[in-house]
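Single-structure report; data block below.
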Amino acid sequence: MSNSISINTRATPAAASNDTAVSASTRAKMQLNVSILQESASISLNSENDPLALVYKSAITSINEQLQADFGPDAIQDAMGQDNSPEGTAGRIVSLSTAFFGAFQKQHSDLEGDEALNKFMDTIKGGIEKGFKEARDILQGLQVLNGDIAANIDKTYELVMKGLDDFVSSQRE
């Protein structure tokens, strides 16, 4: 079963950028959504695991937003075209996001031990939560968030949370 996707990039919310009634953050959000939809247009939705690539992109984008103040734009680079199974997607989300802990500690030298770890995890989890929500919303809008796709997203989320819990445990040892 294949669902075709057509995105008209000329009729995007970016056209609203000239409208002063639209706030800068709203314009940025609309442009991000257009970017995600354009990227997702290259994903074939006829395979049960391909929408997880969109989950990954959305999660990484949101994590990048959360890390931007400390590490600049695009702190975590997108890795499209890799293993998009729940395990592969979760593994990349966990490893790419937790890899910044050392740099986070240097940026926040006033925080020590569990306080630094907890603040870092709050930052990372905030980005992950936002990314998963946005990906679900997009897939729901595309009317493909059901069956195996929804189950794989749930499994990916569970694996990410377990991976983050394991990271916290290893840091406390």
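The values are calculated or read from the model by the stated rules, or taken from the named source; none is laboratory data. Since we're looking at a predicted model, the values are computed, not measured. Don't worry about glycine lacking a Cβ; one is built from the backbone with ideal geometry, like all the others, and counts go over all protein chains shown. The accessibility values were calculated without ligands, DNA or RNA, using every heavy atom of the protein model including side chains. Shrake-Rupley method; radii C 1.70, N 1.55, O 1.52, S 1.80 Å.
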message = With the requirement that a residue be under 15 Å from the mean Cα position of the chain (by Cα) and surrounded by 14 or more Cβ atoms within 10 Å (Cβ to Cβ), what does segment 94-120 give you?
response = V94, L96, S97, T98
task = Would you mind telling me which numbered condition in (1) modelled with pLDDT of 90 or more; (2) open to solvent by 60 Å² or more (accessible area, probe 1.4 Å) F132 fails?
result = (2)
ask   = Within segment 139-158, can you find the residues that are buried (at least 19 other Cβ atoms within 10 Å of the Cβ) and in a helix (DSSP H, G or I)?
value = L139, I149, N152, I153, T156, Y157
ask   = Could you say which residue among A69, A151 is closer than 16 Å to L54 by Cβ, more than 14 Å from the chain's Cα centre (by Cα) and either of a type outside the set (K, R) or modelled with pLDDT under 95 (or both)?
value = A151
